[in-house]
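Right, one structure below, let's go through it.
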Amino acid sequence: MSFLNRRGSASRRRKDAGEGLTAVGGMAPPSSTPLPLPPIELLVGRPPLLTVSPVDPAVHWAAGHREALRAAVAEHGSVLVRGLGLRDAAEVGAVFRTLADTLMSEKETFAPRRTYADGVYSSTAWPPNQPMCMHHELSYTVEFPGLLLFACLEAAERGGSTGVADGEAVLAALPPELTRRFERDGWLLTRSYNDEIGASVAEAFGTDDRTVVEAYCRAHAIEFAWRPDGSLHTRQRRAAVLRHPVTGRRCWFNQIAFLNEWTMDPEVREYLVDMYGADGLPFNTRYGDGDPIGEDVVRTLNEIYEAHTVREPWRPGDLLLVDNIRSAHSREPFEGSREVLVGLADPVRPTDCDPRDSDAKDSDAKDSDAKDEVSFR
């Protein structure tokens, strides 16, 4: 069941929120009775902050407060939990599995990650001196996470915050003529895979077997072409705006700015164009009809994102939960070592974000192939 789906009771999600936790610290799981959260601090410029001081291990606290915490994320779009004292990847993985209905395996990654356990990853490998601009995780796929979980084991000496921006507010602030075009045409992601820049074919698809890669692309509405040098080039058209499946409100939901050539460091862009040509960049975005997106448009997108960004410096042991449809996220440049683990949870498909009656959606979904699930409104 999706994090964003109201249908069904908590008992359908999990018979016992503490089930399977006896191996953690050798302690018996806590009661499955939902517990209320302490007050959440709401301050301008900062994400909603929940400060806790649990006596029990973090995974037991998460089990007892699971439903209240997920409800808080649904209400606010994100919640930063401080005071859990998360110490290592095993503990983080246990907390992630407790809070999520399902942890996803990542496909179509644009940059490598380290895998700690099933569904538990490192942050994307991205140059620390360059920002990761605002984006909605895996918004170019036909099955994306509804819930993101971040856990800090080591905070950077300077910078490295994970910013959050409300997709509904961003959409409202964008120039109407721009949003009309993107709602009408969607957006296009182009990718060129090689072994030097970005993710390789094997890293993105889990294999370099051409037959398997081609079958995946056909099933996920991705156009593909193998070039004479053996490299893979893909194109995928997606919606730029989705309706939130719970609130029904329209949200700006994409990676148009982040994966565009004009967001790259100018020297990096110049090098890549010289090396691979303008059509050989590891990734780039266009309007859904194929027209290029101007530098001025990308600048506008990033400026509006920044105007709606809230952030809080990481502290070791912090846990951040983000509604991936309502809220975009980013990463500041940083200095020093930084270790933030990521969980991609509770998969959502575009049909889940259709504003039609839910019974009609269920009926249509039974007969829908993945390639038919990309819609534009």
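Name the long-range amide H neighbours of Asp101: under 5 Å, sequence gap of 5 or more, or other chain; modelled H, no Pro or chain starts.
Amide H to amide H, under 5 Å and 5 or more residues apart or across chains, Asp101 pairs with Asp346.
Quick query: amide H of Glu108 versus all other amide H atoms, modeled in the peptide plane; which residues come in under 5 Å with a sequence gap of 5 or more or a different chain?
Hits under the 5 Å cutoff: Phe205.
Which one of Val213, Leu174, Ile197 has its Cα pushed farthest toward the positive end of the charge dipole of region 150-219, where Lys and Arg give +1 and Asp and Glu give -1 at the Cβ?
Leu174
Determine the relative contact order of region 199-354: mean sequence separation of Cα pairs under 8 Å and six or more apart, normalised by residue count, in whole percent. Before the final figure, lay out each step's value.
Details: 102 pairs, mean separation 30.4, N = 156.
So the answer I get is 19 percent.
Starting from the Cα gyration tensor of region 83-168, take the square roots of the eigenvalues, sort them a ≥ b ≥ c, and report rounded, prolate or oblate (rounded when a/c is under 1.5, otherwise prolate if a/b is larger than b/c, else oblate). Could you put the intermediate results ahead of the total?
Working: a/c = 1.41, a/b = 1.03, b/c = 1.37.
It is rounded, given that a/c, with a ≥ b ≥ c, falls under 1.5.
What is region 111-229 by shape, rounded, prolate or oblate, if you read a ≥ b ≥ c off the alpha carbon gyration tensor as root eigenvalues and call it rounded for a/c under 1.5, prolate for a/b larger than b/c, and oblate otherwise?
Numbers: a/c = 1.85, a/b = 1.10, b/c = 1.69.
Since a/c reaches 1.5 but b/c is at least a/b, the shape of region 111-229 is classed as oblate.
Once R0 is set to 35 Å, what does the formula 1/(1 + (r/R0)^6) return for the Cβ-Cβ distance between Ala90 and Glu177, expressed as a FRET efficiency to the nearest 0.05? Don't skip to the answer; put the middle values down first.
On the way: r = 51 Å, r/R0 = 1.45.
After rounding to 0.05, the efficiency reads 0.10.
Using +1 on the beta carbon of Lys and Arg, -1 on that of Asp and Glu, and nothing else charged, what's the dipole of region 35-99 about the Cα centre, debye to 20? Mind dumping the intermediate values first?
On the way: 6 positive and 6 negative charges, 19 e Å.
In total the dipole reaches around 100 debye.
Taking the simple approach of a point 7 Å from Cα along Cα-to-Cβ for both Glu339 and Asp229, what is their distance in nm?
3.7
Calculate one ³J(HN,Hα) per residue across region 270-278 by plugging θ = phi - 60° into the Karplus curve 6.51 cos²θ - 1.76 cosθ + 1.60, and present them in order as whole Hz with x for glycine and proline.
So the J values, rounded to whole Hz, are 4, 5, 5, 5, 4, 7, 10, x, 4.
Could you give the dipole magnitude of region 97-255 about its Cα centre, charging the beta-carbon of Lys and Arg +1 and that of Asp and Glu -1, in debye to the nearest 20? Provide the component values of the computation, followed by the final result.
Details: 18 positive and 21 negative charges, 116 e Å.
Once rounded to the nearest 20, the dipole reads 560 debye.
Using alpha carbons only, how many angstrom separate the centre of region 246-315 from the centre of region 139-154?
18
Going by a ≥ b ≥ c, the root eigenvalues of the Cα gyration tensor, does region 245-348 fall in the rounded group (a/c under 1.5), the prolate group (a/b larger than b/c) or the oblate group? Let's see the in-between values first.
On the way: a/c = 1.98, a/b = 1.32, b/c = 1.50.
Verdict is oblate for region 245-348.
Counting only other residues whose beta carbon sits under 12 Å from that of Trp314, what net charge do I get with K and R as +1, D and E as -1? All intermediate terms of the calculation are to be shown ahead of the outcome.
Values: positive: Arg82, Arg158, Arg311, Arg315, Arg331, Arg338; negative: Glu154, Glu157, Glu312, Asp318, Glu332, Glu339.
It works out to a net charge of 0.
Every number in this text was worked out from the coordinates using simple rules, so none of it is lab data. What you are looking at is a predicted structure, and each value in this text was computed from that prediction instead of being measured. We place every Cβ from the backbone using ideal geometry, glycine too, and count neighbours over all the protein chains shown.
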